[in-house]
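Remarks on the structure that follows.
The values are calculated or read from the model by the stated rules, or taken from the named source; none is laboratory data. These numbers were taken from a predicted model, which means no experiment stands behind them. Note that each Cβ is placed from the backbone with ideal geometry, even for glycine, and that neighbours are counted across all protein chains shown. Only protein heavy atoms, including side chains, enter the accessible area calculation; ligands, DNA and RNA are left aside. Shrake-Rupley method; radii C 1.70, N 1.55, O 1.52, S 1.80 Å.
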Amino acid sequence: MKLFPHLALTAASLTITIATIDTQIASAAIVNYSFTVDSPTNKGKGFFSFDDSTFSNDSIPEALVQSLSFQFDGDSTIYTEKDAIAYPFFPVVLSTTYLTGKPTIGLSYSFYDKTNPAEPIVYEIIDNNFTILSGTSSNTEIGFGSVTYSQIPEPATLGGTLLTFGLVFLGNKKSKFRKKSSL
């Protein structure tokens with residue numbers, strides 16, 4: 001008899017979580033990612049968002065970035081999507097599967113260094129690669145590094161998870177209270 005309340009609570013929690021996740025997947029459109037640039041000369045962090053329903057049907061699907069903010073460590077300059085060299089057609093998000101076989105996300109974003117216009121430098125992020133190019137000598141690479149991405153969880157997913165753990169916690173407290181009162 002004591003097992004039934006626990007099973008009912010677990011089933012209800014699982015149902016709520018699955019319903020929340022299924023609803024989110026079906027209606028998801030704006031996706032948020034953070035990214036980190038790491039190179040021997042420059043490091044930085046940024047965020048971007050895009051509408052995942054706008055991916056092209058190309059061999060490497062791409063979608064236009066809606067919002068982007070990037071900053072090098074120790075520098076007050078903030079770069080946005082409007083700083084892209086080919087704005088408003090770039091930056092774009094690429095969806096590829098070539099490294100892992102699973103869909104992964106990467107940026108295609110090139111922008112000029114705003115801190116020293118006298119010596120133009122171009123920063124280029126393409127998928128997992130970060131490249132620093134001379135703005136005066138065409139295609140002369142003067143630095144390189146890597147880019148890593150991580151998706152920022154949607155509030156609905158976090159809310160569903162917190163709700164599930166909250167219900168389980170309350171169920172356990174109620175169960176302990178019942179045990180104490182029956183003694």
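Is there a residue in segment 85-93 that is more than 15 Å from SER108 (Cβ to Cβ) and part of a loop (DSSP other than H, G, I, E, B)? It would help to see each step written out before you state the result.
Here is the first cut: in segment 85-93, the ones more than 15 Å from SER108 (Cβ to Cβ) are none.
Among the residues of segment 85-93, not one is more than 15 Å from SER108 (Cβ to Cβ) and part of a loop (DSSP other than H, G, I, E, B), which makes the answer no.
Say we look at segment 33-72 and pick out the residues that are of a type in the set (D, E, K, R) and open to solvent by 50 Å² or more (accessible area, probe 1.4 Å); which of these is nearest to GLY106 (Cα to Cα)?
Let us first name the residues in segment 33-72 that are of a type in the set (D, E, K, R), namely 38, 43, 45, 51-52, 58, 62.
Those left that are additionally open to solvent by 50 Å² or more (accessible area, probe 1.4 Å): 38, 43, 45, 52, 58, 62.
Details: ASP38: 15, LYS43: 17, LYS45: 14, ASP52: 13, ASP58: 15, GLU62: 9 Å.
Going through the qualifying residues, I end up with GLU62.
Taking the condition without any contact (Cβ under 8 Å) to a residue 12 or more places away in the chain and open to solvent by 80 Å² or more (accessible area, probe 1.4 Å), does LYS114 pass? Full working, then the answer.
Numbers: without any contact (Cβ under 8 Å) to a residue 12 or more places away in the chain: no; open to solvent by 80 Å² or more (accessible area, probe 1.4 Å): yes.
Answer is no for this residue.
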Here the residues within segment 110-133 that are among the aliphatic types (A, V, I, L, M) and closer than 14 Å to THR148 by Cα are ILE125, ILE126
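Determine whether ASP75 is out of contact with any strand residue (DSSP E or B) (no Cβ under 6 Å at 6 or more places or on another chain), exposed (fewer than 12 other Cβ atoms within 10 Å of the Cβ) and not small (Gly, Ala, Ser). Walk me through it before giving the result.
On the way: out of contact with any strand residue (DSSP E or B) (no Cβ under 6 Å at 6 or more places or on another chain): yes; exposed (fewer than 12 other Cβ atoms within 10 Å of the Cβ): no; not small (Gly, Ala, Ser): yes.
Considered against the rule, which asks whether it is out of contact with any strand residue (DSSP E or B) (no Cβ under 6 Å at 6 or more places or on another chain), exposed (fewer than 12 other Cβ atoms within 10 Å of the Cβ) and not small (Gly, Ala, Ser), ASP75 comes out as no.
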